[in-house]
Every structure is written in C-alpha cells, then in structure tokens.
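One structure is given here, and the rest of the page talks about it.
The values are calculated or read from the model by the stated rules, or taken from the named source; none is laboratory data. Note that this is a predicted model, so its numbers are computed, not measured. So basically every Cβ, Gly included, is an ideal-geometry build from the backbone, and we count neighbours across all protein chains shown.
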Amino acid sequence: MTTFLIVIVIVAVLAGAALVVGRPLLRRQRLRRRFGPEYDRALGQFATRRDAERNLAERERMFRDLDIRELPDAEKDKYEDAWSALQERFVESPSDALAEADVLITRVMHDRGYPTGAREKRMEILSVRYGHSIDRYRQAQEIERLREAGKASTEDLRQAMLHHRTLFTDLLGRAPVPVARGK
C-alpha cells in the first residue's frame, strides 16, 4: 500500500510539473501560430520573451473588445472597384497611388470597426487577425517613408502596392484583386 501511494504521489508531482512546464510552451506555440512574423518582431521589441508574450496577449484582449463586422458584398465590390482604379492610376502616378492605397485601407478598417488612430496601435490590433500579412504592411509603410524622403524607386513603390494589396484583400475577406493590365 505504501509503494502504491508513493507511485501516486510521484505521478501527481510529474503531472503537475508537466503542466507548469507545458502551459507556457503551448501558449508560446499558439501565439507564434497566430501572430506569425509579428511574434518575432515583438520578441525583438521587449527585454524578455515573457514581456513580448504579455504584449501579444494584451493585443488579443483589446481585439476581443472591438466590434469587428463583415462588410456586405456590395460594399466589398465598391472597395474592389476602387482598388482596381487605384492600380490603374499607379501607371501614371505611382507615388500618389501608393498614398491613396493606405487611405483606402484605412477606410476599410474604419468600416469594419477597427481603430484607425495612431498607426502603430492600428498595426498592433490588425496583427491579432492578420499576423502574417501585417509584416508586409509594415514593409509597405517603410517604403512610404522612403517615398516621402524621395528615396523610393518605382520598383519599391510597386512592391509597396503589392504589400498593401495583401492586407487590403485580407481585410475584405476575398481572393486577391487581379493586377490591372494595360488595355
């Protein structure tokens, strides 16, 4: 009987230890899967992994408090038409089209119920649902800074438009808008 109790206590201690060790590992895997490249970015921003994961969990809590809604198909169609027109304008004025792309994305965010205030907070909230495309959006933002400084090439601007389009289509919840071709 004593041996049996000792075995039960050892199993209970081992199970408890596995739970204590396993829970953070499961949480880490879940956050990494959900946030994608944004997880690694957060690790680089904070002094410890624990602080980074706490920040990501806080983003999830803030996201849950939002009233995010789907757009009606007619509204999605309107936005897709606007994006197609924007892509056509890119040929004549890449810099202006890129600036307009960000404005269009912000309008979609607003209409869906996402906050549209400070850019960094906006991206943090978007990272909860669009962790894999927000990295590309950040790259587009960097190219926009180069554009504003007069240091972005046309190819840079084209890449930024592609990055914007990734988030745009994710926000609409539809397949990517085809790239407009010359007539």
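One residue alone among Ile105, Ile125, Ile134 is β-branched (Val, Ile, Thr) and farther than 15 Å from Arg165 by Cβ, and that residue is Ile125. Candidates are the residues of segment 142-170 that are of a type in the set (Val, Ile, Thr) and within 29 Å of Arg129 (Cα to Cα); the one that is surrounded by the most Cβ atoms within 10 Å (Cβ to Cβ) is Ile143.
Every residue, every condition in (1) surrounded by 13 or more Cβ atoms within 10 Å (Cβ to Cβ); (2) small (Gly, Ala, Ser); (3) modelled with pLDDT of 90 or more; (4) on the phi < 0 side of the Ramachandran plot, yes or no:
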| site | (1), (2), (3), (4) |
| --- | --- |
| Gly16 | no, yes, no, yes |
| Pro24 | no, no, no, yes |
| Arg28 | yes, no, no, yes |
| Ala82 | yes, yes, yes, yes |
| Val91 | no, no, yes, yes |
